[in-house]
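Q: Below you'll find the structure I mean.
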Amino acid sequence: MKRKITETLYEWKKEKKGRMPLLIYGARQVGKTFEMREFGAVSYKNTVYVNFETDERIGKYFDTDIHPDYIVSILEKYYETMIIPGDTLIIFDEIQSCERALTCLKYFQEEAPEYHVIAAGSLLGVAINRDKYSFPVGKVQMATMYPMDLEEVLWAKGKQLLADTIREHFENNEPMNELLHEEAMQEFYHYCIVGGMPAAVKADITSNSPINQSEIRQMLLNSYIADMTKYADKSDTIRIFEAYDSLPAQLAKDTKKFQYKLIKSGARASQYGDAIDWLIRSGIVHKCVKSSQGFYPIAAYQDLTAFKLYYSDMGIMSARIGMSLEAMTSKESEHFRGILTENYVSIALKSKGYDLHYWESDSIAEVDFLIQRDNHVIPVECKAGEHVKAKSLMVYMKKYDPAYAIRISARNFGFVKGIKSVPLYSVFCI
């Protein structure tokens, strides 16, 4: 399945001067391993694939010496293959399981930049003991891989033309043909349930799959929960579980600001701050921080004590709350459809590289998201249906007079009175 990060890999390979080892972040099961190995198979004469999680023996060779000449000679003997600069891709997978391997990336950059090295880890942010081994700051190129966005899913389904048509109408602010608009909306609803994990997407589009995508989603959810036990201290695991279990209740509130009391009675930030930080750094959730003003730059006006948490994948979210496609489109779930929509937009914006912020003014008005583009702060309002009346957005526009605003809803494309209408299925274009 075609992924957008592939372009990043090819650009990295073409770099002639100053190429650094490439370090790919990303939550478990987003497709990092497949993408790296496929890239190696297509772009290099041979690949040396090292998985530090499944083969603990190879990690022991990094205990004594981590200089490139030694490491390369060990890899050649261990895997019985020649490593030729430019012709061989070296992959260090699940590198969080071997901290010395992470440190050795620094020496590949300093002493042997001619070697092509890619590393990846599912829980780098939480599993690395940086007090013991230094992170190679400034010595690696970093990239983050997210679950498949809706455009990538359309590609996987053979609907490249629909994806291209959506982009064309987004750029021109022209309404789509109603039949295409309705087809794209159905794809959006479907994506909200299946999500963007490659295994779930593949199961969904493969008719003869031995296991259906709902079971895949549940398995992925279980693997995330298992990671909490595996990579968290025992004393923190219970709090991580409790914070994670509170997410549906947190999102169901009219004001979605994270409230510790919803974890359990008497809960405080001092008790659960580390647990929430673990969930964020693991990629299981995304954090959206409050901004008290609509001025540029957003980061200068953020209130770090007020934030929202969103699931990082729609499939994981739907599995966690037990949402089905039938329920998603029913009238009975109209309220929660708005919650799913907001979570979907947070994922789409995050995967495009935007930091997540929302705006609130004295608890009177609230705009779902603020994004920073070309030295401008753009307000983004989300609506699940075609009813788009939004008092808060009008309050914001009157107060800050932004270059324009974005309203995401079930309505077709358009641009009226400074508001760009963006259909739900086209958020990947923003």
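Values quoted throughout were computed directly from the atomic coordinates according to the rules given, and no laboratory measurement underlies them. Computed from a predicted model, the values in this text were never measured in an experiment. Note that we place each Cβ from the backbone using ideal geometry, even for glycine, and neighbour counts take in every protein chain shown.
Q: What fraction of the DSSP beta bridges in the chain is antiparallel, stated in percent and rounded to the nearest 5?
A: Expressed as a percentage, antiparallel bridges in the chain total about 40.
Q: Further question on the same structure: How large is the Kirkwood hydrodynamic radius of the range 207-301, counting all unique pairs of alpha carbons, in Å?
A: 15.5 Å
Q: Report, as a whole number in µm² per second, the diffusion coefficient that Stokes-Einstein gives for the range 31-165 at 37 °C and 0.692 mPa s using the Kirkwood radius over alpha carbon pairs.
A: For the chosen part, D equals 203 µm²/s.
Q: For Rg and Dmax of the Cα atoms in Å, one of (1) 22.7, 68; (2) 21.7, 83; (3) 23.1, 75 was computed from the structure I shared and the rest are decoys. Which label?
A: The calculated read-out lines up with (1).
Q: Next question. Which residues among the range 273-295 fall inside the zone where the amide N is under 14 Å from a point 7 Å beyond the Cα of residue 135, along Cα→Cβ?
A: Of the residues in the range 273-295, 278, 280-283 have backbone N under 14 Å from the label point off residue 135.
Q: Quote to one decimal, in nm, the extra length available between residue 215 and residue 1 on full extension: 0.36 nm per residue of separation minus the C-alpha distance between them.
A: Working it through step by step, the gained length comes to 75.0 nm.
Q: Determine, for each peptide in 246-252, 300-306, the mean count of other beta carbons within 10 angstrom over its residues, then list the peptides with the highest first.
A: Order by mean packing, descending: 246-252, 300-306.
Q: Something else about it: In the range 188-247, what trypsin sites (Lys or Arg not before Pro) fall in a loop by DSSP, with at most 12 other Cβ atoms inside 10 Å?
A: none
Q: In addition: In the structure displayed, which of 106/290; 234/264; 17/45 lie more than 26 Å apart, Cα to Cα?
A: With Cα atoms farther than 26 Å apart: 106/290.
Q: Would you compute, from DSSP H runs of 4+ residues alone, the mean residue ellipticity of the chain at 222 nm, taking -39500 (n - 2.57) per run and dividing by the full residue count, rounded to the nearest 500?
A: Rounded to the nearest 500, the figure is -13500 deg cm²/dmol.
Q: Highest mean first, how do 89-96, 327-334 rank when packing is the count of other Cβ atoms within 10 Å averaged over residues?
A: 89-96, 327-334
Q: Starting with the highest mean, order 257-266, 8-17 by the number of other Cβ atoms within 10 Å, averaged over the residues of each peptide.
A: Ranking, from highest mean packing down: 257-266, 8-17.
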